[in-house]
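The values are calculated or read from the model by the stated rules, or taken from the named source; none is laboratory data. The shown structure was predicted, so the numbers you read here are calculated from the model rather than taken from an experiment. Methodologically, a virtual Cβ is constructed for each residue, glycine included, from the backbone with ideal geometry; neighbour enumeration extends over all protein chains shown.
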Amino acid sequence: MHDITEAPPQESPRRRLPRLAVPITAVGALAAAIASAGAVLVGHDDEGRPHPVIPHVGTAAHAAVVLDRAAAAAKSRPYTAPGPQQWL
């Protein structure tokens, strides 16, 4: 009779990570990798001024050149009016 009335042994509850814990951890790791890559990819010249190690990546002068070329290309082409399903 003792076997019937005895409560079953309690299992310790397993701790589970919340559903968002893994994606949040992945995003944090990605942000840390991007920040460390940004710190590594900035070099310094002989006078201590920072410059990008990879040329033409992220410089304002390069952006100005690209935008000037785009403006010149747009200016050299004839104007085409947008169609009925297109708008500016």
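Going by the conditions given, is ALA73 modelled with pLDDT of 75 or more and either surrounded by 10 or more Cβ atoms within 10 Å (Cβ to Cβ) or not in a helix (DSSP H, G or I) (or both)?
no
Could you tell me which numbered condition ALA39 fails, if it satisfies all but one of (1) part of a helix (DSSP H, G or I); (2) modelled with pLDDT of 70 or more; (3) under 31 Å from the mean Cα position of the chain (by Cα); (4) not basic (Lys, Arg)?
(2)
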